[in-house]
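For reference, the structure discussed in these notes is given below.
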Amino acid sequence: MNSSMLKKGSKRGGSSRGRRIFSDENSVHKFNRIKRTNLPADKDDDYCNTRNSQDQAVTHSRSSSPYNVSPMEKSPWSSQRNANIPFEDSDASFSPNVLMGSLVREEGHIYSLAASGDLLYTGSDSKNIRVWKNQKEFPGFKSNSGLVKAIVISGAMIFTGHQDGKIRVWKVSSKDPSIHKRIGTLPTMKDYFKNSMKTSNYIEVKRHSNAVWYKHSDAISCLSLSEDKAFLYSSSWDKTFKVWRISNSRCLESVIAHDDAVNSIVAGNDGLVFTGSADGTVKVWRRELQGKGTKHFFSQTLLKQECAVTAVAVNPNSTVVYCGSSDGLVNFWEREKMSHGGVLRGHKLAILCLITAGNLVFSGSADMEICVWRRTGNDHTCLSLLTGHNGPVKCLAAEKDLESTPNDRRWILYSGSLDKSVKMWRVSEKAPPMAWKGCASSAPTSMPSSLPAATSFPAQTRNIKK
């Protein structure tokens, strides 16, 4: 998969209003255990390549289906959940990581997910933001244009990044939590008109094409909140990332960060920001407060390669930085010394999404699979290879399982795919390792274990005059 494919989203599929129902037999029990394998090495790859052909949408007969109700009485979404799946299993050859259910609607590919407590937000190329509460459909909301590429939540505010280069801001009604109202767009119309009057605020974004510097001129690829949730970061295919103050919706800074599309951005602790790009690099930026604004300085390049960097993530304590690439590899660095820690090899095609939760790392890929890794010190072990999607896994989100205990931390993992479905998994940090030689690997790469840090210097930025 080349970088151009990674920069461009899948073409919008044809509209379909029919619904798909995943039967309990095929969507839950077929995948309610991820079985460990001790196959010989020559059969290992065949096992990992296996797709369960029965993970297809099937329709219950009217006589036997529990969903045999009028279409007027049931949402077109199909919500499957089996909360009574026994978590423990007497057979030691099984993993406690389970598929709990699927949410499916024939309205568009799933490009973004965000979870907060018992709420799940899903974004697709239908322009709809769907809301789920305890796996049941909640009233959603719709943008006027631009497929939903990214979603982040900050309290009662929801930020959505779109294909049209705009960031839309929504707020949950204090009177009725099922109502979401759009309260603005970034940049605001007032700021846009005010600053578009000055020729000094224009920059060349394409050949013979100029635009106001603080408005993204291409698709939003990723959104991230600062640790204190005072700032919102947006990255774009226009090669920049921008910094927004949430309290007044102002764009404080625009940084020309890479030579190609910025595919991912994540804010860590201590004012550090990490970006990954289709130009094959991962860069570190340091934020400094200057008066009422901010200034981001380039710190160092962690990775420089031919393959596009498609996803970047940091663990909850910001002690480890991860990046996924179009070659299917996940590189990681120990943040204390910014030394290269190794490579996680578990996918056959490009990494499309990457998140962390507790001591776990989740990677979703174009190979339609999800690898679950557990970090112990500097070592990573593959616990499960989650299969069930019939299309590339485009986005992931995780929330702590309410049944989790201090001795057995569990997570609810949501995965969105270009097969138009969202799947919900229960994952335990105590799961036994998967016996697959290619998955549980953190072998060093051929590059130096520690890349030299570049000299810090101011990034190419534009700031609003205060």
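Values as computed for the structure displayed
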{"read-out": "Solvent-accessible area per residue for segment 326-377 (1.4 angstrom probe, square angstrom)", "value": "28 Å²"}
{"read-out": "Sum of side-chain charges, E306 neighbourhood, beta-carbon under 14 Å (Lys, Arg +1; Asp, Glu -1)", "value": "-3"}
{"read-out": "Rough spin-label spacing in nm, given labels placed 7 Å along Cα→Cβ, for D228 and K198", "value": "2.6 nm"}
{"read-out": "Heavy-atom accessible area ranking, 1.4 Å probe, most first, across T387, T240", "value": "T387, T240"}
{"read-out": "Potential extension, K348-I256 segment - 0.36 nm per residue separation minus Cα distance", "value": "29.9 nm"}
{"read-out": "Mean accessible surface per residue for segment 242-317, computed with a 1.4 Å probe while every protein chain stays in place, in Å²", "value": "34 Å²"}
{"read-out": "Spin-label zone in segment 118-145 - amide nitrogen under 12 Å from a point set 7 Å from the Cα of S178 along the C-beta vector", "value": "133, 137-140"}
{"read-out": "Separation in nanometres of the label points that stand 7 Å from Cα toward Cβ, at L402 and N317", "value": "2.9 nm"}
{"read-out": "Amide hydrogen neighbours beyond the local backbone of S154, cut-off 5 Å, H modeled", "value": "F159"}
{"read-out": "Gain upon complete extension [Q300, D118; 0.36 nm per residue less C-alpha separation]", "value": "61.7 nm"}
{"read-out": "Within the accessible area of segment 91-167 (1.4 Å probe), percent carbon and sulfur", "value": "50 percent"}
{"read-out": "Segment 218-368 - percent of accessible surface contributed by carbon and sulfur, probe 1.4 Å", "value": "45 percent"}
{"read-out": "Point-to-point label distance, K136-N248, nm (Cα→Cβ direction, 7 Å offset)", "value": "4.4 nm"}
{"read-out": "Amide H contacts of H380 (H built 1.01 Å from N, under 5 Å, at least 5 apart or other chain)", "value": "none"}
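The values are calculated or read from the model by the stated rules, or taken from the named source; none is laboratory data. This structure is a prediction, so every number in the text was calculated from the model and none was measured. Here Cβ is always computed from backbone atoms with ideal geometry, including for glycine, and neighbour counts include all displayed protein chains. The area values use the complete protein model at the heavy-atom level, side chains included, leaving out ligands, DNA and RNA. Shrake-Rupley method; radii C 1.70, N 1.55, O 1.52, S 1.80 Å.
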